[in-house]
Every structure is written in C-alpha cells, then in structure tokens.
Amino acid sequence: MTGIIVTLQPSHLPYLKDLHAAGMTMVRLNGSHNTVDWHGKTMQAIRSEIPNTPILLDIPGRKLRLAIETILPVEANQILELPIPIWIPQGTTILFDDGKLTATVISENQRTLRFHQNGELRPRMSMNIPGITIQGPLLTKRDLEIIDLAQALSVDYLDLGFYRILKINPRCTQTLR
Amino acid sequence: MKNLDDICKHADMVIVARGDLSIECGLFNIIENQKKILKTAKKFNKISSVGTGFLTLYPPQQSTIADIYNAVLDGADSLIVSGDLPEGEKAVEAITLLDKMLKSFNL
C-alpha cells in the first residue's frame, strides 16, 4: 500500500492524530522553514502524540532562499534590487518558487532584477539558477543545529537535496535510528 | 541524474523532488526522470517517494488522478504532499481523500 508523507506546517500541529488516522504514514519537516526551536518542539509533539509515525527531516543544504522579511508584491517588468547571496552573471534568469515567478539579472552589481510576471516574493522563497553551482560548505551552521536536534530526538530519516559530491558529512549518510 | 546509481546505492530512501528536478532537468522530462529514479531505487532495493504537487488542483481533477496512479504504478512507496496541502483542519479532509484514492486503485 502506498504511503502518504505529510510536510507539516504550523497550522497542522493541532491535527497530528487526525492526520495519522486519515492516512498519513510519515511526517516530513522542512528545515528550510520555521525556527530550529519550532522543529524541536514539533518533533517532540509527534513522538508524544503519534509515537509510531516515522519522521523525515529535510536539510536545506545548498538551496538558495530569499532573505527578505515581509511579502513583497511584484509586477511584470518591475525592476527591483534584492539581497542575492552569490555572484550571478548579468542576463541570467532566476526562478523563484520552482519557476512560478522568474526574473532576469540586469545590472552590473548582479543584484538588480527585472521580473517577468506579476506575483509576490515571500520570505525564504526558494531561488533556483540553472547552471550555477553554489560554492561554500555543504551544510550551514543552522543545518548542523537541526541535525544535532534530529539525532537527539531519534529522527528516522534525513533528506539532503542539492549535494554536489557523493561523499558527504557522515552525520547525514547514516540512518539515525 | 548523472549520479543516480551511486546516490541510490548510498541512500536509505530516494525522493523524486519534482519541483527542483523540473528546473534542473527540464519540465517536459520530469515524468521520464521520475520513472528512471523509481526504477533505479527499486534496483537497489531502496524505498522511494515522489513529491510534490499532487494536491495543487484541489479537489483533484482527472489529471491529478492520472499523475498519482502513474507514480504508484511505477513503484513509489509513498507520495509527499507539501505546500499543496491545505492549511489547518482542511488538511485532514485532503489526506482522507488521497488515502481513499490510493486504496481504490486496483494495482
């Protein structure tokens, strides 16, 4: 029988038992969102309310996220300067939220973008730049904090996307339980 | 996709992350890549999951049912729902419906 993995949002927390009864077979926590403290409390709530349901924790790793504090509406052809954390060549297309919103880098400082459609930018929205390899450590300090928490609370699976090398931190390659 | 065999060999579970994969490998190749990943996971005897977007059209339409049936037919051990899942109590209703759909397939 095919299982259902539910990525838990804060609004789902009061319904853990109901979701389990409805058919949820595993809980997924997306480490890109919410605070480390929230993840810890949520893992404890899962263990206490639905103890036999496995937990899958997604580690953001090298996925780029938009560092803005509030929702920002944008219009087609609007030009906007944004805090892009890496160097991107002029003319490159950036895809936000898996391509639902796109923009082209138009300035020499690589941080000024022209948007292609109407839409809205949200805090920690995903950004993808096809063809660009992100340098730097595979795991951030925040990732390691979440991994330590997962280990302490015996999370069942860690999921790491966007690895560029196969030999990664052994703390991620082992099944924790 | 180039390192699929090595990844499947070392992983405990393999996830088809369709959002990112569509961008990296092309939207029109997504189902072909999904099939390749699920087949490779099976070859290495690893559990597999496919996500997400199954509930983007909610209530589900024929295309949603075809997508889910196809993932199950290709051997996905589970489906992942994420931002496509409604907020709060409505999520319970959506999971109930998805579970009912999965149980109705004669595979």
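Just so it is clear, none of the values below were taken in a lab; they were calculated from the coordinates. Keep in mind that this is a model prediction, so the values were computed, not measured. We place every Cβ from the backbone using ideal geometry, glycine too, and count neighbours over all the protein chains shown.
Per residue of peptide B:47-57, the mean number of Cβ atoms on other chains within 10 Å of the residue Cβ is 2.
Between the helical axis of A:141-152 and the longest alpha-carbon principal axis of chain A there is an angle of about 10 degrees. Normalised by the number of residues in segment A:72-117, the mean separation of alpha-carbon contacts (under 8 Å, six or more apart) gives a relative contact order of 46 percent. Legend: mean number of C-beta atoms from other chains within 10 angstrom of residue C-beta atoms, peptide B:91-100, equals 6.
Shape analysis of the protein assembly as shown places it in the rounded category; the axes a ≥ b ≥ c from the Cα gyration tensor give an a/c below 1.5. Helix A:36-49 and the longest principal axis of the C-alpha atoms of chain A enclose an angle of approximately 30°. Inter-chain neighbour count for B:14-22: the average number of beta-carbon atoms from partner chains within 10 Å of each residue's beta-carbon is 4. Sorting B:13, B:1, B:101 by the number of Cβ atoms found within 10 Å of their own Cβ, with the fewest placed first, yields B:1, B:101, B:13.
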